[in-house]
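Working notes, beginning with the structure itself.
The values are calculated or read from the model by the stated rules, or taken from the named source; none is laboratory data. If you're wondering where the values come from, they're calculated on a predicted model, not measured in any experiment. In this analysis, Cβ positions are derived from the backbone assuming ideal geometry, glycine residues included, and neighbour counts consider all displayed protein chains. Remember, those area values only see protein heavy atoms, side chains included, never the ligands or the DNA or RNA. Shrake-Rupley method; radii C 1.70, N 1.55, O 1.52, S 1.80 Å.
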Amino acid sequence: MIRMRPTSPAPSPFWLAPLLLLLLAACAGRDAPRAEMPPAPVPVAPAAPAPPPRIGLALGGGAAKGFAHIGAIKMLEANGIRADVVAGTSAGSVVGALYASGMDPFRIQERAVALDESTLRDVRLFSGGLVQGQALQDYVNAEVGRLPIERMKKPFAAVATRLDTGDRVVFVRGNTGQAVRASSSVPGVFEPTRIGERSYVDGGVVSPVPVDAARQLGADIVIAIDISSKAGGSTPTGMAGIVNQSITIMGQTLGRQELARADVVIRPQVNEIGPVSFEQRNAAILEGERAAVAALPQIRARITAVEQARRDGEARRAAARAAEIAPVDIDCGDSWVRRLNPFAKDKPCG
């Protein structure tokens, strides 16, 4: 007799339904669109404020007209415009040296009014000029506390001309008084200044208003003060007058080229003041004040334009830096279906 082994009851289809649904959903999840998480914002450090533009003064030559520089500097500072660097030619180098040494313009004016110009005339005949120039050198060194150029409170440059080659020379270190003396050695009036093996004459021969020297000192904005003589429209007849007029015309042409590279040009009305009219120093100072005040709107507009250009440039650089460090989104989404799908990890993202 054959006995049949009892068999267990067949599984109910109701037990398989949840499992089948889960597997179908997982498989469908492989081809379903993936939910992508939005990328986290990239923290970008705020851009540091751009430094203010460096302002340079280019003080031109003009002998006694140079007192106008004092008035111009005084009005600029009174209106919040302070030079960071200073370059000077001839009379401009004298005022520039005092200013760069840390002397405020009101103090410079006091010293200028009290100056006895006869103490600067160390006359010596038959030596290449009427005035030796040593007295001017000693005066400047005493006024700046015997500071060498490289230890000035503001970067300073004195422009002179090499007598042997005619090259422009920019003194940015060494004996301050000696550099100013070289810059102020008007040919035929002062002896050429001997420094080492070379002789130097007035910087106005090659650079009447030292715009380029101020730029070389690092100025972003150059304010030039032009006190040079201008041809008056009359025709001289005497020999001395013809020579002076010719020199004036040459200086005008040379100065015009360099002045075109300045951002702002201040022109005090001192054409009627003679080169040795020291008694008109107060008038020259006043004209410098007037001219500087008249130029204030143009100076402020230029400063604003440079500052805006810097801000725009910094914004562009910050945007470029942010684009470089923005992460690529490799999160292909996350859901309970993807976590349960055993094939999801094998499918590349993107």
Review point. Can you name every residue in segment 189-218 that is assigned to a helix (DSSP H, G or I) and surrounded by fewer than 24 Cβ atoms within 10 Å (Cβ to Cβ)?
Key: D212, R215, Q216
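Is it true that G145 is modelled with pLDDT of 95 or more, surrounded by fewer than 19 Cβ atoms within 10 Å (Cβ to Cβ) and of a type outside the set (A, V, I, L, M, F, W, C)? Even if it seems obvious, please write down each step before you answer.
On the way: modelled with pLDDT of 95 or more: yes; surrounded by fewer than 19 Cβ atoms within 10 Å (Cβ to Cβ): yes; of a type outside the set (A, V, I, L, M, F, W, C): yes.
Answer is yes for this residue.
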**Study point:** Residues of segment 256-304 classified as surrounded by fewer than 15 Cβ atoms within 10 Å (Cβ to Cβ), in a helix (DSSP H, G or I), free of Cβ contacts under 8 Å to residues at least 40 places away in the same chain and over 18 Å from the mean Cα position of the chain (by Cα), total
**Key:** 5
**Study point:** Among (1) in contact with a Pro (Cβ under 8 Å, 6 or more places away or on another chain); (2) over 17 Å from G96 (Cβ atoms); (3) modelled with pLDDT under 95 - the single one S246 does not satisfy
**Key:** (1)
Check your understanding: Can you find a residue in segment 170-188 that is β-branched (V, I, T), open to solvent by less than 30 Å² (accessible area, probe 1.4 Å) and not in a helix (DSSP H, G or I)?
Key -> no
Review point. Going through segment 47-91 one residue at a time, which ones are part of a loop (DSSP other than H, G, I, E, B) and either aromatic (F, W, Y) or open to solvent by less than 40 Å² (accessible area, probe 1.4 Å) (or both)?
Key: P53, G60, G61, G62, I81, A83, S90
